[in-house]
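Coordinate-derived values only; no laboratory data. Here the structure is a predicted model, which is why all the values come from computation and not from measurement. Cβ placement follows ideal geometry from the backbone for every residue including glycine, while neighbour counts extend to all protein chains displayed.
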Amino acid sequence: MRPFEVYDTLSRSTRRFQPITPPKVGMFVCGLTPYDDAHIGHGRFAVVFDMVARALRRWGYRVFYVQNVTNVEDKVIRRGAELGVDPLKLSDRYFRAWRDAMDRLGVLSVNYYPHATDYLPEILEQVRTLVDRGRAYASEGSVYYSVAGFPAYGELSGQRTEALRPGARLELDASKRAPEDFVLWKAATPGEPSWESPWGPGRPGWHIEDTAITVRLLGARYDIHGGGVDLKFPHHEAEIAQAEGATGQSPLVNYWMHNGMLTLHGEKMAKSVGNVVGLAETLDAFGPEVLRFFYLNAHYRSPLDFVAGKSLEEAREAFATLAKPAEAIRVAFGRAGETGTAALPDGLRREGEALVERLDATLAEDFRTREAIALLFSWGRSVGPWLERLDELGSADLAILAAPYDWATEVLGFPSGPPAATDVGPVVEAALAARARARARGDFAEADRIREDLTAAGVAVEDRGGSTRWSAPRRPPS
RNA sequence: GCCGAGGUGGCAGAAUGGUUAAUGCGACGGACUGCAGAUCCGUUUCCUGGGGGUUCGAUUCCCUCCCUCGGCUCCA
């Protein structure tokens, strides 16, 4: 197991990671409330924690990564009512769309997506435990957590309960003893989904499913909890209060990781702000690798600004620069013999062998993906002079050239995948043959016209040396 | 107001108590090309919000001010 450091929000410091039960790592990330199409802000947390899980597994940790699905919640119910659809069916539909997007994005590291409604027995048991231990009280069919009885409340976010009271958004709910108390179990409203409980029919509060699920699956204490910074308060604060209040064990989580927000032109992207860019459409237009590149090209804790018509276009160019040598090397490797007619200089060979270690070491410092990507670009420059001579190299040398890119594919999730299969080959070949004839007789106007037509169809044409090469786009042109 | 994260070149975005402050995008020049594109080579020395302080030396550490973003019970 490679040692690494991670910034822990609770202690506000970068700490050396120490699993509770090595090599096992329990990792929980707050997932979606599926009630509408996911946007590219959601994609960021998914890719960030996917990268974390990939890295840890590469380093020898046995990661159990759980991402919950809040499928019963105010917003789901409200949207269902608007559309006249059963809320649970609605959330199921959007969850499926989320999974599709995750598959496309290469987010394959999540072991399990528990749904809130699948954990009602655990939720009810935890609520009852909190009531039994005097942490919570029932009132008018609902159950509330009594924040006053949990002094650590506010430590994660640096908020003090006294400071919260003047907050304009505190619910002035007569059934609560104190305004900062939050609901664990919400009394049923007619026509909405509800489940039987000792306090009457109702449904889970926002925060309780996470701790019911994690106590059940990961235990009273676990290693990593991730999520967006916007969830620090009150959501994660409430999780600590609930779990520690129920189990009597502390700390609930050893390392709190919070990713920075994706902003659109400087403002947080959020459904409630109305400034969202759809995840599925973005994947259609740019493909998963460009999007992953865009996300991981900034440190996960920094805010990341998205500028329409610019950010992803720039990411696409940069990604192409990175991916091209990788693909050329991999293709050459497939053709290469054991020994080549040329050999890499020792200096380059050593650089390549050291680079993979450097990449791991860089990520081991709080997941500095931007720095790792910079190293990969530099490698591209080192490798550059060999790109025209790859066929001269033997497989051992090519493996050295490929190793940093293989590392990137494993941990960052790009570059990967062969070009899309295409059945336009014969058509393109025929057009290029016509173009070659035109060029041969000096009719460049005709030759250029054919090339422009092909370019417009998404086929890149390159004259190299005496031959002409073409390539179909890896994905639909945007 | 309180809590947190930030302010770095034309743009995006790293890093560091010390020779020329990464990397990418863009731009420019060269090779190649019928022209282009792609690719390769090179250039882009005058960039660390303002003001103090510590230090032989600060962009980095400390204080202060200004500004931006996020949270302050909907949120990834």
**Q.** 5 angstrom amide H check on residue A:205, placed H, neighbours 5+ away
**A.** A:185, A:186
Q. Expressed as a whole percent, how much of the Cα-Cα distance distribution for the range A:308-411 exceeds 22 Å?
A. 32
Q) Whole-Hz Karplus ³J(HN,Hα) for the range A:450-455, in order, using 6.51 cos²θ - 1.76 cosθ + 1.60 and θ = phi - 60°, x for Gly and Pro? A) 5, 5, 5, 4, 5, 4
Q: Neighbouring Cβ atoms within 10 Å as the yardstick, rank A:65, A:153 fewest first.
A: A:65, A:153
Q. So if R0 is 41 Å, what FRET efficiency would residue A:302 and residue A:112 give, r being the distance between their Cβ atoms, rounded to the nearest 0.05?
A. 0.90
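Based on the Kirkwood radius over alpha-carbon pairs, what value in µm²/s does the Stokes-Einstein equation return for the translational diffusion coefficient of the range A:216-265 at 25 °C and 0.890 mPa s?
209
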Q) Order of A:206-215, A:384-393 by packing, highest average Cβ count within 10 Å first? A) A:206-215, A:384-393
**Q.** Shape call, the range A:5-259: gyration tensor on alpha carbons, a/c limit 1.5
**A.** oblate
Q | the range A:91-110 residues near the modelled residue A:189 label - backbone nitrogen below 18 Å, point 7 Å along Cα→Cβ | A | A:91
Q: Taking H placed 1.01 Å from N in the peptide plane, check which residues at least 5 places from residue A:28 or on another chain put their amide H under 5 Å from its amide H.
A: A:66, A:224, A:225, A:226
Q. Taking +1 at the Cβ of each Lys and Arg and -1 at the Cβ of each Asp and Glu, which of A:241, A:189, A:85 sits farthest along the dipole of chain A towards its positive end, judged by Cα position relative to the Cα centre?
A. A:241
Q: Over the alpha-carbon set of chain A, divide Rg by the Kirkwood Rh and report the Rg/Rh ratio to two decimals.
A: 1.06
**Q.** Principal-axis tilt of helix A:369-383 within chain A, Cα atoms, nearest 10 degrees
**A.** 10
Q. Between residue A:253 and residues 5 or more places away or on another chain, which pairs have amide H atoms under 5 Å apart, with H built 1.01 Å from N, and which residues are they?
A. A:222
Q) Could you give the distance between the Cα centres of the range A:440-457 and the range A:198-241, to the whole Å? A) 62
Q.
For the range A:290-352 and the range A:120-136, what is the centre-to-centre distance using only Cα atoms, to the nearest Å?
A. 51
Q: Provide, for chain A, the number of lysine pairs with alpha carbons under 20 Å apart, each pair being eight or more places apart or on different chains.
A: 9
Q | Table column - 3J(HN,Hα) (Hz), the range A:432-439, Karplus curve with 6.51, -1.76, 1.60, x for Gly and Pro | A | 5, 5, 5, 5, 4, 5, 4, 5
Q: Per residue of the range A:46-52, in order, report the coupling 6.51 cos²θ - 1.76 cosθ + 1.60 (Karplus, θ = phi - 60°) as ³J(HN,Hα) in whole Hz, putting x for Gly and Pro.
A: 4, 6, 4, 6, 5, 4, 4
Q. What nm distance separates the two modelled labels at residue A:452 and residue A:36, each placed 7 Å from Cα along Cα→Cβ?
A. 4.3
